[in-house]
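To keep things clear, I will list the structure first and then write my remarks on it.
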Amino acid sequence: MALLEIIKYGNPILRQDAKEIKEINNEIRNLARDMIQTMQAAEGIGLAAPQVAQSIALVVIDLGLIIDGEKPAAFINPVILATEGEFTMEEGCLSVPEVREEVIRPEKIHVIYQTINGETVDTWYDGLLARVLQHEVDHLKGIFFVDHLGTIKKKMIKKDLKRIAHDELARIHQAA
Ligand code: CO
């Protein structure tokens, strides 16, 4: 079992555009497996590859913590083609520890992606899966859930974000 380091807000990798995955090979499958283990160990329900310092379009989601019987899955090159509705839900992020805020997002999404077996899926999702997938697809574009907040909420968490970024930059410096 390989647990990966989850990088935090303030790390420049998390602001990059993730690259499309051209070939789903063993390297990708192993990374997806390690990401699922890392996410589960951290008690998260979603994790994007940039969060483990790999700037590629790979996302893993496991709703099993919240919904009985849900199995972990990988989403490769996910693109949201259309959305419908709107709803508010509290979100957190393994890269933004201890910050939780309500975020408004579309309720339903039309998404296209590839599975770990290379099959293309073109479908609509709603509910928690649509919510988590939108959060993770944002990570592939360098966007954090806190970027969606209004001015007042942003002001309220500014200190927390500063502290997280400060610690992350210190950690990068030490590792170098
Ligand atoms: Co996140």
What are the residues in segment 19-47 that are among the β-branched types (Val, Ile, Thr), within 16 Å of the ligand (Cβ to nearest atom) and under 19 Å from residue 114 (Cβ atoms), if any?
36
Is it the case that residue 14 is within 16 Å of the ligand (Cβ to nearest atom), in contact (Cβ under 8 Å) with a residue 60 or more places away in the chain and touching a strand residue (DSSP E or B) at 6+ places or on another chain (Cβ under 7 Å)?
no
For residue 76, indicate whether it is of a type in the set (A, V, I, L, M, F, W, C), under 13 Å from the mean Cα position of the chain (by Cα), away from the ligand (no atom under 16 Å from the Cβ) and within 19 Å of residue 30 (Cα to Cα).
yes
Might you check whether a residue that is without any contact (Cβ under 8 Å) to a residue 12 or more places away in the chain, under 21 Å from residue 49 (Cβ atoms) and either surrounded by fewer than 13 Cβ atoms within 10 Å (Cβ to Cβ) or among the small types (Gly, Ala, Ser) (or both) occurs anywhere in segment 129-137?
no
Name the pairs whose Cβ atoms lie under 9 Å apart, with the first residue in segment 107-120 and on the phi > 0 side of the Ramachandran plot, the second crowded, with 16+ Cβ neighbours inside 10 Å, and 6 or more positions between them or separate chains?
118/24; 118/76
Which listed residue is in a loop (DSSP other than H, G, I, E, B), more than 16 Å from the ligand (Cβ to nearest atom), at negative phi and among the basic types (Lys, Arg), from 71, 154, 158, 162
71
Considering (1) within 15 Å of the chain's Cα centre (by Cα); (2) surrounded by fewer than 17 Cβ atoms within 10 Å (Cβ to Cβ); (3) under 26 Å from residue 123 (Cα atoms), say which one residue 86 fails and leave the rest.
(1)
Residue within segment 145-156 that is over 19 Å from the mean Cα position of the chain (by Cα), surrounded by fewer than 16 Cβ atoms within 10 Å (Cβ to Cβ), closer than 30 Å to residue 82 by Cβ and in contact (Cβ under 8 Å) with a residue 40 or more places away in the chain present:
yes
Write out, first by first residue and then by second, each pair whose Cβ atoms fall under 7 Å of each other, whose residues are 6+ apart or on separate chains, and whose first residue, in segment 59-77, is more than 22 Å from residue 140 (Cα to Cα) while the second is hydrophobic (A, V, I, L, M, F, W, C) and buried (at least 23 other Cβ atoms within 10 Å of the Cβ).
65/45; 66/45
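No lab work stands behind these numbers, since they all come straight from the coordinates. Computed from a predicted model, the values in this text were never measured in an experiment. Don't worry about glycine lacking a Cβ; one is built from the backbone with ideal geometry, like all the others, and counts go over all protein chains shown.
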